[in-house]
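Enquirer: Please see the structure below; I have some questions.
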Amino acid sequence: MTEPTDDINTDVPGAARIWNYWLGGKDNYAADRDAAEAALQYYDMATFARQSRQFLNRVVRFLAGEAGIRQFLDIGTGLPTMQNTHEIAQSIAPESRIVYVDNDPIVLAHARVLLQNTTPEGVTAYVEADYHDPEVIIERAREFLDFDQPIAVMFMGVLGHAKGFEASHAIVARVVDAVPPGSYLAVWDGNDTNPALNALAENYAKSGGVPYIQQPVEHIRGYFAGLEMVEPGLVPVTEWRPEPAEMGAAGSLPETTGGVARKP
């Protein structure tokens, strides 16, 4: 269990720490656990969290393998867990360079300790920044990534925390605009098709945490405007290139929407 520090308000639930709890982690506080347990009364967020994590794993394997990407910008990374982006990418391509971005103090503390490079050839770095300020992210990421070479930009389950739909579109557009042709965008988020998930989001906002806005599917589709979608396109996360062992093992999650696209 995480010990409190002076830099962290342990009385207010944090999204990254709640997610950690749903994934079975111990890096959370009482307020996080209370909010996480309350959410489970509305919806099975533990399964939701695990399946979305599997989506991230499959996406990174595709990008580092089939797509040949060697640079990753993982924005809103959350607390380190098993099979982090750099571990997957560098296991496939040891020279992979990964930059994680988050603005949660506890995420920063854990990242410094746990997000260590796994290969001599690769780079694993962490940028403390709020994604509402993409210019800062781009500027700091340039210290580690070559913006003349393709970069995989990842927003995994975090854009619902943006200040509004217009803001989230502007954030994604600015970062994608900064990377060169041949780069990729990977996004997943919860959509607004499940009343139980919508109710969960409304009650989480009342708890004092940063609100998470469930997004219409067409809004999520808009993130990929002008890009070339990778098959199977925009689908529930459980249906994006599942491994043979996963097929039929997990029910579909139609209230999630995810995809990967290439910048032409």
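The values are calculated or read from the model by the stated rules, or taken from the named source; none is laboratory data. No experiment lies behind these values; they were computed from the predicted model shown. Neighbour counts run over all protein chains shown; Cβ positions are idealised from the backbone, glycine included.
Enquirer: Can you find a residue that is hydroxyl-bearing (Ser, Thr, Tyr) and farther than 26 Å from ILE18 by Cβ anywhere in segment 166-174?
Expert: no
Enquirer: Conditions first: (1) under 15 Å from TRP19 (Cβ atoms); (2) surrounded by 23 or more Cβ atoms within 10 Å (Cβ to Cβ). THR81 passes all but one, so which condition is the exception?
Expert: So THR81 meets the others, but not (2).
Enquirer: Can you tell me which condition LEU200 does not meet? The list is (1) crowded, with 21+ Cβ neighbours inside 10 Å; (2) farther than 21 Å from ASP102 by Cα; (3) modelled with pLDDT of 95 or more, and all the others hold.
Expert: Failed condition: (3).
Enquirer: Mind listing just one residue for me: the one in segment 107-155 that is closer than 18 Å to ASP27 by Cα and in contact with a Phe, Trp or Tyr (Cβ under 9 Å, 6 or more places away or on another chain) and, of those, surrounded by the most Cβ atoms within 10 Å (Cβ to Cβ)?
Expert: Step by step, filter segment 107-155, then rank; the result is VAL107.
Enquirer: Regarding segment 86-97, can at least one residue be identified that is modelled with pLDDT under 80 and of a type in the set (A, V, I, L, M, F, W, C)?
Expert: Within segment 86-97, not a single residue is modelled with pLDDT under 80 and of a type in the set (A, V, I, L, M, F, W, C).
Enquirer: Also, quick follow-up: (1) surrounded by fewer than 24 Cβ atoms within 10 Å (Cβ to Cβ); (2) of a type in the set (Phe, Trp, Tyr); (3) touching a helix residue (DSSP H, G or I) at 6+ places or on another chain (Cβ under 6 Å): which one isn't true of PHE62, the others all being true?
Expert: Only one criterion in (1) surrounded by fewer than 24 Cβ atoms within 10 Å (Cβ to Cβ); (2) of a type in the set (Phe, Trp, Tyr); (3) touching a helix residue (DSSP H, G or I) at 6+ places or on another chain (Cβ under 6 Å) is unmet by PHE62, namely (3).
Enquirer: Name the single residue, out of those in segment 203-231 being of a type outside the set (D, E, K, R) and in a strand (DSSP E or B), that is modelled with the highest pLDDT.
Expert: MET229
Enquirer: Can we say LEU253 is buried (at least 21 other Cβ atoms within 10 Å of the Cβ) and assigned to a loop (DSSP other than H, G, I, E, B)?
Expert: Yes; evaluated as a whole, the condition is true for this residue.
Enquirer: Then there's this: Within segment 20-41, restricting attention to residues that are within 15 Å of ALA201 (Cα to Cα) and of a type in the set (A, V, I, L, M), which residue is surrounded by the most Cβ atoms within 10 Å (Cβ to Cβ)?
Expert: Step by step, filter segment 20-41, then rank; the result is ALA39.
Enquirer: Right, another one. Which ranges mark the strands (runs of 3 or more DSSP E) fully within segment 74-160 that have 3 or more residues being within 18 Å of the chain's Cα centre (by Cα) and within 19 Å of GLN54 (Cα to Cα)?
Expert: Per the criteria, 152-156.
Enquirer: Suppose we keep only residues that are in contact (Cβ under 8 Å) with a residue 24 or more places away in the chain and touching a strand residue (DSSP E or B) at 6+ places or on another chain (Cβ under 7 Å) within segment 103-123. Which one would you say is nearest to PRO134 (Cα to Cα)?
Expert: Applying the filter and picking the extreme gives ASN103.
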